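Scroll down for the structure; my scribbles are underneath it.
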Amino acid sequence: MNRPFEGIFGNTCELRILEFLLPLREIKFNVTELAEEAKISRVTAGRVIKKFAEWNILNVHDRGVTEYSINPDSPIVKSVDALNNAIIGEMLGEEKLNEISEYISERQNVQNSKSTAFSSGINGSSNTDNSDSNSGYNTGGDDGNNPVPGYCGEEHKYVCHGHKGER
């Protein structure tokens, strides 16, 4: 299957970078990573990125190594995203879009029910207060009553359910 823009607008460096970045909001990439993903040279990627930054299509994050992310607030990005979705809709057809929509709705319902179960505790037990109120993340150990694994300091970073520090 062709990529959405390719069938209508051709295969340009700009479109390759846009197609890659559109679904990856808030994820930052450096020039080399974008060049590799778009299968273009680093020089060409740099030229495209400079143009996109000037047009406010990309956000620039300069902390040592300059990184870039799609700017979801840009009117251009919003329009390109809508166009991309319309092209995908035409490519897939109405029946397939309905299947996808139903699948997404089901997944959201499952996620919402998991969230409700989590917030009310598992098996009626309440969460122990091992949380850092500023971060929203559990920073304490796993005492067996906490449904969220805490950081245990091991290589895998998080305590598995039932993991008490042993491997």
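Compactness of the range 3-45 is given as radius of gyration and Dmax, 10.4, 28 Å, from Cα positions. The length gained by stretching the chain between Leu83 and Ile104 to full extension, at 0.36 nm per residue less their Cα-Cα distance, is 5.5 nm. Take the Cβ-Cβ distance between Glu90 and Ala53 as r, set R0 to 25 Å, and report the resulting FRET efficiency rounded to the nearest 0.05. Efficiency, rounded to the nearest 0.05: 0.25. Working from label points 7 Å from Cα in the Cα-to-Cβ sense, the Arg3 to Ile27 distance is 1.4 nm.
Here the extension length gained between Thr12 and Glu36 equals 7.2 nm, from 0.36 nm per residue of separation less the Cα-Cα distance. Take the alpha carbon gyration tensor of the range 6-77, find the square roots of its eigenvalues, order them as a ≥ b ≥ c, and report rounded if a/c is under 1.5; if not, report prolate when a/b exceeds b/c, else oblate. It is oblate, given that a/c is not under 1.5 and a/b is not larger than b/c. Close amide H contacts of Ile70 (hydrogens built in the peptide plane, cut-off under 5 Å, sequence separation of 5 or more or a different chain): Glu26, Ile27, Asn59.
Read the figures in this text as sums done on the coordinates, not as results from a lab. The shown structure was predicted, so the numbers you read here are calculated from the model rather than taken from an experiment. Positions of Cβ are generated from backbone atoms using ideal geometry, with glycine treated the same way; all protein chains shown enter the neighbour counts.
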